[in-house]
Amino acid sequence: MPVETKTTCPYCGVGCGVIARVDDDGAVSVRGDPEHPANLGRLCSKGSALGETLDLDGRLLHPEIGGRRAGWNEALDLVARRFADTIAEHGPDSVAFYVSGQLLTEDYYVANKLMKGFIGSANIDTNSRLCMSSSVAGHRRAFGADTVPGTYEDIELADLVILTGSNLAWCHPVIYQRLVAAKAARPGMKVVVIDPRRTMTSDIADLHLAIRPDGDVALFNGLLAHLAKGTAIDENYVAAHTAGFADAFAAASTMTFPALMERTGLGASELRRFFGLFERTEKVVTCYSQGVNQSSSGTDKVNAIINCHLATGRIGRPGMGPFSLTGQPNAMGGREVGGLANMLAAHMAIENPEDRDRVQRFWSSPTIATRPGLKAVDLFQAVADGRVKALWIMATNPVVSMPDAGAVEAAIKACPFVVVSDMLTTTDTARHAHVLLPSAGWGEKDGTVTNSERRISRQRPFLAAPGEARADWWQLAEVARRMDFPGFDFASPADIFAEHARLSAFENDGSRDFDIGAHAGIASAGYDAMVPFQWPQPAGKTKATTRFFAKGGFYHPDGKARFVTVVPDETDRTSAAYPFTLNTGRIRDQWHTMTRTGKSARLSAHIAEPFVEIHPRDAVDAGIGNAGLVEIESPRGKAIVRALVTERQARGSVFVPMHWNDQFAAKARIDALVPPLTDRVSGQPASKNVAVAMRPFPASAYGFAVAASRPAAPAADYWAIAKAEGGWRFELAFATPAKDWTAWCRTTFALPDDVEPLGYADHRTGDLRLAFFDGDRLLAALFLAPEPVAVARSWTVSQLTAAHGDLRTRFTLVAGRPGADRPDPGATVCSCFSVGVNQIVAAVRGGCHTVEGIGKELNAGTNCGSCRAEIRGIIDGCRAAAAE
Ligand SMILES: Nc1nc2c(c(=O)[nH]1)N[C@H]1C(S)=C(S)[C@@H](COP(=O)(O)OP(=O)(O)OC[C@H]3O[C@@H](n4cnc5c(=O)[nH]c(N)nc54)[C@H](O)[C@@H]3O)O[C@H]1N2
Ligand SMILES: Nc1nc2c(c(=O)[nH]1)N[C@H]1C(S)=C(S)[C@@H](COP(=O)(O)OP(=O)(O)OC[C@H]3O[C@@H](n4cnc5c(=O)[nH]c(N)nc54)[C@H](O)[C@@H]3O)O[C@H]1N2
Ligand code: SF4
Ligand SMILES: [Mo]
């Protein structure tokens with residue numbers, strides 16, 4: 001009998017409910033949970049492909065010490081001893097944890113309790129520093145607490161939705177789908193997208209403002225000044241519930257209109273239209289994400305946005321408010337347990353002696369950290385200069401995701417003792433660990449997460465953890481016990497959650513926003529049955545509303561919100577030597593450092609290699625052709641990626657995804673180029689505004705290859721590898737060609753000596769083709785050319801699973817061109833049904849001119865809907881081409 005389990009998607013902060021089904025043969029399939037309030041049954045492409053990421057390839061199955069297999073007892077004893085010895089010799093601040101918004105709340109709670117209450121240092125920071133910390137800091141400055149005032153429903157109820165620094169269509173796809181549906185039902189609703197690039201999200205925008213990098217403070221200051229001249233200011237709200245309006249307004253109004261145009265890079269009519277829309281529309285929600293947070297002025301951007309909502313009293317009422325979209329599945333849970341170095345548990349403040357005393361009494365702990373610990377960038381600098389001598393990294397891959405990633409890698413390598421808890425052995429970070437601890441992953445782990453709208457949901461296990469993998473909370477509690485600390489005898493995640501809920505209610509009485517006291521007595525049965533709920537849920541009271549601040553009630557001592565006076569940062573980082581602004585971010589079908597989404601052939605077929613988006617004129621000026629390779633350089637490092645020339649990109653800036661790393665490409669770890677420059681308030685790195693130079697990469701030969709098994713890193717100046725059905729696919733380039741390509745293939749693809757190649761070399765054109773078969777199975781094929789190789793890629797990849805008993809099909813493969821009866825589907829657009837761009841173009845040419853029509857004909861876009869914007873783009877592109 002198949003077994004179905006209700007759980008939550010482990011990717012983005014939308015926090016969609018998932019029903020996982022395990023069939024008798026062990027096959028796992030997933031579908032959206034129609035009863036989960038976040039998604040009501042929807043899933044995006046990543047969520048739909050979860051079943052394909054559960055294989056054991058590369059899984060760490062038992063603890064390792066110095067690369068050898070070890071038992072849990074030996075490994076945990078060693079970790080406890082090394083941490084205790086280091087603390088005894090050098091003090092509590094000589095050790096650190098670097099954790100993650102992908103931990104469950106229970107894991108996070110234990111990590112924070114151990115570090116702050118028992119080790120007595122606040123040197124625990126998290127990848128949320130790179131993600132949400134400017135929002136946390138902005139909320140705390142404005143509201144006196146890290147409170148997200150609204151709910152997802154507000155996005156549907158609003159008459160104006162502003163999306164700034166958010167590629168919602170790709171990064172929070174289910175909220176995007178809810179927005180698209182709401183706009184379709186109520187066409188009067190307006191959407192404004194503020195982003196230097198024209199992204200897939202801009203597709204539904206009534207107005208796209210291609211803002212100059214970091215022009216946001218100027219823009220929202222300009223908006224505040226504009227509002228104050230008209231009638232949109234809610235004077236009663238401002239007087240009753242806020243402080244500091246006069247100063248913020250004075251600072252905002254010093255900017256002239258021409259200066260505003262200059263700093264935002266926007267035209268007068270665009271600015272007036274945006275200001276007018278905001279002014280006239282009462283129900284406005286401003287959603288923001290990394291284009292706001294990941295900036296040296298990130299916290300000021302957050303407050304510039306909040307200032308406009310406070311000034312108009314548009315906060316905490318249906319369809320109104322500033323809305324920070326959190327990235328990771330448990331970014332919010334991490335904030336609730338106080339997982340950042342400058343926070344304390346349960347939204348209490350480390351700077352506040354009463355809060356410290358309260359938490360210490362609750363924990364009955366021997367000590368409590370008295371000052372904030374090191375924030376991520378400072379933390380790795382302390383590792384580099386030897387102040388931190390023992391480091392435990394859990395559920396994050398800093399060698400890829402931290403700015404100045406080369407220096408971070410060097411610091412980790414030089415650190416006397418590094419523990420890494422991960423699911424995989426092969427990450428760029430795990431390979432430098434002294435002790436590797438195998439963690440249970442999604443589908444195996446058990447606990448809770450909180451999504452962007454403060455909704456707490458259960459992640460439930462439906463698979464046994466493989467090998468000796470164990471939960472992260474268990475690893476932490478075992479080490480704590482071995483360090484002789486009391487208070488870590490948790491028998492289950494339910495125990496931990498109950499303690500966390502009790503602490504949230506402890507001496508609270510409404511003085512703190514985070515209160516889930518209603519769950520303080522929860523036991524295993526209740527925990528197992530828990531349905532998703534939004535906080536606050538204090539004991540004994542049912543809150544009538546789940547929104548905050550409609551009637552004030554802020555968490556500063558006087559109960560008032562603060563306007564924060566913000567001034568635009570005018571530094572232009574570019575220079576003659578580094579004339580371009582590098583912007584970094586995400587693509588639709590990969591998750592961060594690709595450790596999980598990189599396992600899915602379907603997801604990898606959407607975009608199979610690292611790329612840089614460049615404006616056509618910049619490409620011409622730099623001598624870069626479409627599909628050529630580009631070397632990008634900053635004073636910190638270099639990368640080589642494929643050119644994607646597009647007018648969606650503004651002139652002067654380029655965009656590279658953050659995902660590729662040393663496991664998937666030769667040189668595309670883009671954070672190696674990002675300097676460790678941070679926001680002065682939040683400590684969040686400025687990952688979206690980096691000065692770089694770029695030039696064509698001089699390749700004398702380009703290659704495309706497929707292989708049945710994964711090789712070690714190919715000997716090539718450029719390579720990118722992606723999972724394919726039945727094997728792997730490669731993009732390659734060589735500055736100098738190999739002397740013997742057959743030998744190159746034999747070494748790279750580890751081919752048996754007795755397998756002879758089939759193929760040809762055309763010395764006139766420089767083309768070369770080689771294919772290796774074992775019986776009727778294709779082992780590997782290489783296509784080389786002096787220009788970027790033109791082969792029917794998707795079709796070639798499909799040959800890995802085809803039978804090649806017939807010599808004719810072998811020759812067709814070597815030709816790299818399918819017969820007319822089997823056209824190449826082209827790069828995947830719809831990952832749910834594996835529909836390629838060529839198929840969609842053919843359908844458009846055949847008379848389908850709507851997304852719905854394409855859906856009827858090809859199924860594309862009819863499941864998760866994540867590709868609908870791209871399909872519309874292809875239809876428009878075909879129309880434009882036909883009109884030319
Ligand atoms: N597919 C996918 N989805 C994800 C993730 C993933 O890895 N893959 N990760 C999740 C996580 S952890 C996070 S944090 C979120 C991030 O979600 P988003 O923040 O939506 O994603 P990003 O692509 O990082 O950046 C958003 C946009 O900010 C724009 N931007 C750059 N500079 C500026 C600027 O100065 N001003 C403005 N207004 N905009 C600017 C960029 O051009 C980019 O399009 O996504 C989550 N969802
Ligand atoms: N240039 C640039 N850099 C960025 C960003 C950007 O936009 N631009 N975005 C930043 C942001 S917003 C984020 S959130 C970070 C994300 O960056 P990371 O957190 O470094 O990325 P992930 O790939 O999600 O790393 C998660 C790791 O945990 C492992 N893992 C998965 N599940 C579990 C588990 O249950 N337990 C344990 N112990 N391990 C597990 C995975 O195998 C993987 O190695 O990147 C940041 N870096
Ligand atoms: S939107 Fe997609 S990635 Fe995000 S939680 Fe939902 S299914 Fe998962
Ligand atoms: Mo993030």
Check: Hey, if we sort 470, 141, 764 by accessible area with the 1.4 Å probe, largest down, what's the order?
Finding: 764, 470, 141
Notebook entry, point to check: Going by accessible area, probe 1.4 Å, with all protein chains left in place, what is the ranking of 229, 445, largest first?
Noted result: 229, 445
Check: What accessible area per residue comes out for segment 729-798, rounded to a whole number of Å², with a 1.4 Å probe?
Finding: 47
Checklist line | Phi-based couplings in Hz for segment 674-690 (Karplus 6.51, -1.76, 1.60; Gly and Pro marked x) | finding: 7, x, x, 8, 10, 5, 5, 8, 8, x, 7, x, 8, 7, 10, 8, 10
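Quick check for me: using +1 on Lys/Arg Cβ and -1 on Asp/Glu Cβ, what's the dipole size of the chain about its Cα centre, in debye to the nearest 20? Walk me through the numbers before you get to the answer.
Details: 92 positive and 97 negative charges, 240 e Å.
Its charge dipole is roughly 1160 debye.
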Notebook entry, point to check: Stretch residue 24-residue 235 to full length: gain in nm at 0.36 nm per residue minus the Cα-Cα span?
Noted result: 69.5 nm
Next item on the list: Return the percentage of antiparallel bridges among DSSP beta bridges fully within the chain, rounded to the nearest 5 %.
Entry: 60
Notebook entry, point to check: Using the reciprocal of the averaged 1/r over all distinct C-alpha pairs, how large is the Kirkwood radius of segment 549-597 in Å?
Noted result: 16.5
Note to self: Distance between the C-alpha centers of segment 556-578 and segment 139-173? Whole Å please.
What the structure shows: 19
Checklist line | Long-range HN-HN contacts of residue 33 with modeled amide H, under 5 Å | finding: 17, 18, 19, 41
Item checked: Accessible heavy-atom area order of 46, 6, 723, highest first, probe of 1.4 Å -> 6, 723, 46
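Counting helices only, and only those DSSP H runs with n ≥ 4, report the 222 nm mean residue ellipticity of the chain as the sum of -39,500 (n - 2.57) divided by its residues, in deg cm²/dmol to the nearest 500. Can you show the working numbers first?
Working: 30 runs with 269 residues, N = 884.
One gets -8500 deg cm²/dmol as the mean residue ellipticity at 222 nm.
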Next item on the list: Compute the label zone of residue 62 within segment 408-438: residues whose backbone N is under 18 Å from the point 7 Å along Cα-to-Cβ.
Entry: 422-426, 435-438
Notebook entry, point to check: Given H placed 1.01 Å from N in the peptide plane, which residues other than close sequence neighbours of residue 582 have an amide H under 5 Å from its amide H?
Noted result: 654, 690, 691, 692
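Take the Cβ-Cβ distance between residue 73 and residue 556 as r, set R0 to 51 Å, and report the resulting FRET efficiency rounded to the nearest 0.05. Intermediate results must be reported in sequence, preceding the final value.
Values: r = 49 Å, r/R0 = 0.97.
Efficiency, rounded to the nearest 0.05: 0.55.
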Checklist line | Whole-percent carbon and sulfur share, accessible surface of the chain, 1.4 Å | finding: 52
Check: Can you pull out the GluC sites (Glu not before Pro) in segment 1-106 that DSSP calls coil and that have at most 16 other Cβ atoms within 10 Å?
Finding: 35
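Hey, with R₀ at 51 Å, roughly what FRET efficiency would residue 803 and residue 40 work out to, going by the Cβ-Cβ distance, to 0.05?
Working: r = 44 Å, r/R0 = 0.85.
Given R0 = 51 Å and the Cβ-Cβ separation, E is 0.70.
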Notebook entry, point to check: Taking a probe of 1.4 Å, how large is the accessible area per residue of segment 190-308, in Å²?
Noted result: 34
Notebook entry, point to check: When the Karplus curve 6.51 cos²θ - 1.76 cosθ + 1.60 is applied with θ = phi - 60°, which whole-Hz ³J(HN,Hα) does each residue of segment 582-592 get, with x for Gly and Pro?
Noted result: 8, 10, 10, x, 10, 10, 4, 10, 10, 10, 6
Check: Rounded to the nearest 10 Å², what accessible area does residue 211 show when all protein chains are kept and the probe is 1.4 Å?
Finding: 10
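What is the calculated FRET efficiency for residue 539 to residue 268, with r their C-beta to C-beta distance and R₀ = 60 Å, to the nearest 0.05?
Numbers: r = 55 Å, r/R0 = 0.92.
So, using R0 = 60 Å, E works out to roughly 0.65.
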Notebook entry, point to check: What ratio of Cα Rg to 2.2 N^0.38 Å holds for the chain?
Noted result: 0.94
Item checked: Fraction of alpha-carbon pairs over 18 Å apart in segment 448-598 - percent -> 75
Checklist line | With DNA, RNA and ligands ignored, accessible area of residue 261 (1.4 Å probe; Å², nearest 10) | finding: 70
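Where only protein heavy atoms count, and the probe is 1.4 Å, what is the accessible area per residue for segment 561-664 in Å²? Intermediate results must be reported in sequence, preceding the final value.
Numbers: 3530 Å² over 104 residues.
Value returned for segment 561-664: 34 Å² of accessible area per residue.
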Check: Quick one: if you stick a label point 7 Å off each Cα along the C-beta vector at residue 529 and residue 509, how many nm between them?
Finding: 3.4
Check: Roughly what % of Cα-Cα distances in segment 151-192 sit above 13 Å, to the whole percent?
Finding: 48
Notebook entry, point to check: So which of 190/283; 445/599; 6/856; 688/723; 116/413 end up more than 21 Å apart by C-alpha?
Noted result: 6/856; 688/723; 116/413
Margin query: Could you give the length gained by full extension between residue 489 and residue 468, i.e. 0.36 nm per residue of separation minus their alpha carbon distance, to one decimal place?
Written below: 5.5 nm
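Of the trypsin sites (Lys or Arg not before Pro) in segment 314-392, which ones lie in a loop per DSSP and count no more than 11 other C-beta atoms within 10 Å?
none
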Note to self: Taking θ = phi - 60°, what integer Hz values does the Karplus form 6.51 cos²θ - 1.76 cosθ + 1.60 yield along segment 260-265, in sequence order, with x for Gly and Pro?
What the structure shows: 4, 4, 5, 6, 9, x
Notebook entry, point to check: Rounded to the nearest 10 Å², what accessible area does residue 393 show when all protein chains are kept and the probe is 1.4 Å?
Noted result: 0
Check: Can you list residues whose amide H is under 5 Å from residue 162's amide H, if they're 5+ apart or on another chain and H is modeled 1.01 Å from N?
Finding: 192, 285, 286, 287
Item checked: Cα-projected label distance for residue 747 with residue 651, points at 7 Å along beta-carbon direction, nm -> 4.6
Next item on the list: For residue 4, put the label point 7 Å out on the Cα→Cβ axis and report which residues of segment 29-71 keep their amide N under 16 Å from it.
Entry: 29-37, 40-43
Note to self: Starting from the Kirkwood Rh over alpha-carbon pairs, what translational D in µm² s⁻¹ does segment 1-139 have by Stokes-Einstein at 20 °C and 1.002 mPa s?
What the structure shows: 116
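Using only alpha carbon pairs under 8 Å that are at least six residues apart, calculate the relative contact order of the chain and give it in whole percent.
Details: 2057 pairs, mean separation 129.1, N = 884.
The normalised contact order for the chain reaches 15 percent.
The values are calculated or read from the model by the stated rules, or taken from the named source; none is laboratory data. The structure presented is a predicted model; accordingly, all values stated were derived computationally and were not measured. Ideal geometry is used to build each Cβ from the backbone, glycine not excepted, and the neighbour counts take in all protein chains shown. Please note that ligands, DNA and RNA were not included when accessible areas were found on the heavy atoms of the full protein model with its side chains. Shrake-Rupley method; radii C 1.70, N 1.55, O 1.52, S 1.80 Å.
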